[in-house]
Each structure stands twice: as structure tokens, then as C-alpha cells.
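Contents: one structure, followed by commentary.
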Amino acid sequence: MRSRFEAFRDADAGWLLASWHPSTRPRRLDLRDNPRWRGLQILDVVDGGETDDTGIVEFRATYLTPDGVEFLQERSRFVREDGRWYYLDAVSTPGTDH
């Protein structure tokens, strides 16, 4: 999760696509309107340990807008295949997706 946040912050579409599971990965990723990401807070982790093949990370990421600081909060699902973790999909937490 942290590497994906850093990739969004740095507009590194290559890493985001490489870490995205092929079943849900978009063909391309346009980050030209990417906000200025400021911070990441991990709120909850479900599974995702050494013996797990799936995991969930709930996080809150802050970013700057002309009006000030806003945030995105979501629960992201990950899956491990061949020893590597991939982002699968996410559900935004109601009322927090700005």
C-alpha cells in the first residue's frame, strides 16, 4: 500500500500498473490531473501476512486542493500470486471520497 501511495504521489504510472492485478488493471493510467498527495495513514489491516494470499488495507490519504487539504479513505483489496502482492480493487468509505 505504501509503495502505491508513493507511486501516486510521484505520478509513477508504470509502478501503479505493474502492481495492479491483471484482472482489474486498466490499459493505461492518466495521472496528469493527479492531486498533490501529502500523507498516508493506515487505519486497518485484515490478513495479508506471510501465510495469507489475500489482504485488505483501509487507509486515509490526504491531498492538497485550491481550497485546502482534503482526503480519500478507502478499503483496498490485495491478492498474492507467485509470492507477489497485487492491488485488486477498492471500496471508498461513504462520505470520504473527495
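The values are calculated or read from the model by the stated rules, or taken from the named source; none is laboratory data. Given the structure is predicted, the values throughout are model-derived calculations rather than measurements. Methodologically, a virtual Cβ is constructed for each residue, glycine included, from the backbone with ideal geometry; neighbour enumeration extends over all protein chains shown.
Which residue is surrounded by the fewest Cβ atoms within 10 Å (Cβ to Cβ), if the candidates are limited to region 2-15 and must be under 19 Å from GLY48 (Cα atoms) and free of Cβ contacts under 8 Å to residues at least 60 places away in the same chain? Only one residue tops the list, namely ARG2. Being surrounded by 13 or more Cβ atoms within 10 Å (Cβ to Cβ) and β-branched (Val, Ile, Thr): is that true of VAL57 here? Here the answer is yes, as VAL57 does meet what is asked. Residues in region 16-50 that are of a type in the set (Val, Ile, Thr) and either free of Cβ contacts under 8 Å to residues at least 40 places away in the same chain or more than 25 Å from LEU64 (Cβ to Cβ) (or both): THR24, VAL45, VAL46.
Could you tell me whether any residue of region 36-51 is of a type in the set (Ser, Thr, Tyr) and closer than 15 Å to ASP89 by Cα? No, the conditions are met nowhere in region 36-51. Go through the residues of region 13-23 one by one and say whether even a single one is modelled with pLDDT under 95 and not charged (D, E, K, R). Taking every residue of region 13-23 in turn, none turns out to be modelled with pLDDT under 95 and not charged (D, E, K, R). Number of residues in region 27-83 that are on the phi > 0 side of the Ramachandran plot and either outside any strand (DSSP E or B) or small (Gly, Ala, Ser) (or both) equals 4.
Could you grab me the full set of residues in region 5-15 that are within 25 Å of PRO66 (Cβ to Cβ) and not in a loop (DSSP other than H, G, I, E, B)? Of everything in region 5-15, those that are within 25 Å of PRO66 (Cβ to Cβ) and not in a loop (DSSP other than H, G, I, E, B) turn out to be PHE5, GLU6, ALA7, PHE8, ARG9, ALA13. Considering only residues of region 16-54 that are surrounded by 11 or more Cβ atoms within 10 Å (Cβ to Cβ) and of a type in the set (Gly, Ala, Ser), which is farthest from VAL79 (Cα to Cα)? Going through the qualifying residues, I end up with GLY39.
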